[in-house]
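> One structure, pasted below without further comment.
The values are calculated or read from the model by the stated rules, or taken from the named source; none is laboratory data. Not measured: the values here are computed from a predicted model. Note that each Cβ is placed from the backbone with ideal geometry, even for glycine, and that neighbours are counted across all protein chains shown.
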Amino acid sequence: MATQPFDLAGRVALVTGASSGLGRHFALTLARAGAKVAVTARREAPLRDLAVEIAGFDGRALPLALDVTDQAAIEAAIAAAETELGPLDIVVNNAGIAATAPALEVTAADWQRVIATDLSGVFHVAQAAARRMVAEKRGGSIINIASMLGLGGASLLAAYSAAKAGVINLTRTLAVEWARHGIRVNAIAPGYIETDMNRDTLNSPIGEIMRKKIPQRRFGQPADLDGPLLLLASPASAFMTGACLVVDGGQSVVM
Ligand code: NAI
């Protein structure tokens, strides 16, 4: 193995939902490891700021508008990324949304929106990227961001937990089908990770109750996902495919 097993110099990556939270962090982590990164999201303005930040440490990022529920946009973004940066080696399927409601009250529109983004979006981005990887005969690494909530029942999150469970098994199926092409497909299932979107809740009295259910008695920080991300993105995980790395401070293994 190389002396620096997590080095991504010369690799090309694409991250969905990179405008905020974990996606933004993943893009920075991949760029710091040497990858050229297509940073994609629905809103382009925050992506331009991210690209400037990445250029600040001599990294390379290409901001691209991409709504993962729009199949034509997926094809266009991947084509643009490959034209500007080169053939894709790494895809991080990070874009995701949640809708919170009791199952009896979930609307059809909310159900469709969450499944379209969190499950169908993951499939369509993975499929479009894998088609390119097969055509280029280069293989690649696809990393799907699932959730601890895809491992068991979760109150008020019917569509989200179903979509994330779907992502975990989709990961296994794509791994089986695409191994012959040298494409590895793995998932990361984070527990509660503190980002701008959930910081207020996690630091509220409800958050305190949630924290006590975690064996490590803390919420994760985005940097807690750096090791798993770089492992799955790099040749250090060459013999791993179809895996789901749970990163939750032990929460999902409590009896
Ligand atoms: P976030 O809300 O900050 O980030 C989600 C990103 O996805 C945003 O950039 C948003 O604009 C983007 N997005 C939403 N719909 C999109 C669409 N149709 N097309 C393209 N981009 C779209 O939330 P966070 O926490 O950073 O979540 C990132 C991923 O990690 C999600 O898949 C989430 O389910 C997952 N996750 C997060 C956990 C946490 O505690 N923060 C725990 C477990 C999983």
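> Look at PHE26 and say whether it is more than 19 Å from the chain's Cα centre (by Cα) and of a type outside the set (Gly, Ala, Ser).
no
> Can you pull out the residues in segment 24-44 that are over 16 Å from ALA126 (Cα atoms) and within 12 Å of the ligand (Cβ to nearest atom)?
ARG24, HIS25, PHE26, ALA27, ARG42, ARG43, GLU44
> If you don't mind, another one. Has segment 3-19 got any residue that is of a type in the set (Phe, Trp, Tyr), in contact with a Ser or Thr (Cβ under 6 Å, 6 or more places away or on another chain) and in a loop (DSSP other than H, G, I, E, B)? Quick ask: steps written out before the conclusion?
Step one: list which residues in segment 3-19 are of a type in the set (Phe, Trp, Tyr), which gives 6.
In the following step, the residues that additionally are in contact with a Ser or Thr (Cβ under 6 Å, 6 or more places away or on another chain) were identified as 6.
Right, trim to in a loop (DSSP other than H, G, I, E, B) and you get 6.
Yes - at least one qualifying residue is present in segment 3-19.
> Here's a follow-up. Which of (1) within 14 Å of the ligand (Cβ to nearest atom); (2) over 23 Å from HIS25 (Cβ atoms) is the odd one out, the single condition ILE143 does not satisfy?
(2)
> Okay, moving on. In this structure, does ALA9 turn out to be over 25 Å from GLN71 (Cβ atoms), away from the ligand (no atom under 11 Å from the Cβ), out of contact with any strand residue (DSSP E or B) (no Cβ under 7 Å at 6 or more places or on another chain) and modelled with pLDDT under 95?
Numbers: over 25 Å from GLN71 (Cβ atoms): yes; away from the ligand (no atom under 11 Å from the Cβ): yes; out of contact with any strand residue (DSSP E or B) (no Cβ under 7 Å at 6 or more places or on another chain): yes; modelled with pLDDT under 95: no.
No.
> Something else: Residue under question is ALA109, and the condition is that it be in a helix (DSSP H, G or I), within 20 Å of LYS36 (Cβ to Cβ) and away from the ligand (no atom under 11 Å from the Cβ); does it hold?
Details: in a helix (DSSP H, G or I): yes; within 20 Å of LYS36 (Cβ to Cβ): no; away from the ligand (no atom under 11 Å from the Cβ): yes.
No; evaluated as a whole, the condition is false for this residue.
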